[in-house]
Amino acid sequence: MTQKHTDKAFDDELSKLREKILLMGAKVETMLSTGVRAFHEQDTALAHRTIEMDHDVNRLEVEIDSFCLSILARRQPVASDLRFLTTALKLVTDLERIGDLAVNIGERVLELSSDPPRRSWPDLLAMAEIVQNMVRDALDAFVAGDAAKANWVIERDRSVDALYAQVFHEMLLVMIEDRTAVPRGVSVQAIAKYLERIGDHATNLAEMVVFLTQGTDIRHPESVENEEN
């Protein structure tokens, strides 16, 4: 993944691009963990901090997009370099969306802050832990060019989907039993949905790592099968 070129300036540009992507990824990871902590600890200060960090992530997305397009225009790369640059443009889109969803979690935490202390939601917290690990492992797989690790991220998305269904059902029962719990229930369900969507974006990141390392697009295998038939 760190193939060297005879043009050192090109190598330096690609290294700088990787560093920017990893910086953005680290900030998104922090936003996600802070947002989850804000929910778990009912901490509005952490919720506000999560929301504020989004400015840096958005700035990095714009910088990376611009840098990628500049390299494409000036270097006209081919083969693995072209694959890396086009993949980078997609990676940052998913990272930015994960940041947006972390902001959404922070906003729901602020909505819940006026409620009395609430019961714990072990399934939701288990879901949050898996999702955070998926994002971290997808970024680690990108750094290492590790397709096996990327595939492990993809496999865990089923667990996230199952936990989301469980949390949704549990919260629905609570709202049916206690109508006063409806506003709180809607916010908790929304947080679960945001986590489920983050899992989807982590899966997207992992699929792009597989494409980057193996040149194989695994996003929609059923489409390929239909074309072959």
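Some observations on this one:
- Sum of -39500 (n - 2.57) over DSSP H runs of 4+, divided by residues of the chain (222 nm, nearest 500): -30000 deg cm²/dmol
- Computed over the chain with a Gaussian network model linking Cα atoms closer than 10 Å, the most mobile of MET171, MET134, MET24 is MET171.
- Protection-proxy order for peptides 98-109, 189-200, each taking the mean of Cβ atoms within 10 Å per residue, highest first: 98-109, 189-200
- Using a cutoff of 8 angstrom between alpha carbon atoms and counting only pairs six or more residues apart, the relative contact order for the range 8-223 works out to 24 percent.
- Set of lysines near LYS16 by C-alpha distance (under 20 Å), chain-local residues within fewer than 8 positions excluded: LYS4, LYS8, LYS27, LYS90
- The chain: angle of helix 79-112 to the longest principal axis, Cα-based, in degrees nearest 10: 20 degrees
- Degrees, to the nearest 10: 122-144 long Cα axis against longest axis of the chain: 10 degrees
- Extension reserve of the LEU89-LEU110 stretch, reckoned as 0.36 nm per residue once the Cα distance is removed: 4.3 nm
- In terms of packing, defined here as the mean over residues of other Cβ atoms within 10 angstrom, the peptides 157-168, 9-20 line up highest first as 157-168, 9-20.
- Taking label points 7 Å from Cα along the Cα-to-Cβ direction, LEU69 and ALA165 give a separation of 4.2 nm.
- When Rg and the Kirkwood Rh are both derived from Cα coordinates, the Rg/Rh ratio for the chain amounts to 1.04.
- The value of relative contact order for the range 2-87, using C-alpha pairs under 8 Å at least six residues apart, is 27 percent.
- A Cβ-based charge dipole, computed about the Cα centre of the range 1-141 with Lys and Arg at +1 and Asp and Glu at -1, lands at about 340 debye.
Any read-out appearing in this document is the output of simple, stated calculations on the displayed coordinates, not a laboratory observation. Please read all numbers here as calculations on a predicted model, not as lab measurements. Neighbour counts run over all protein chains shown; Cβ positions are idealised from the backbone, glycine included.
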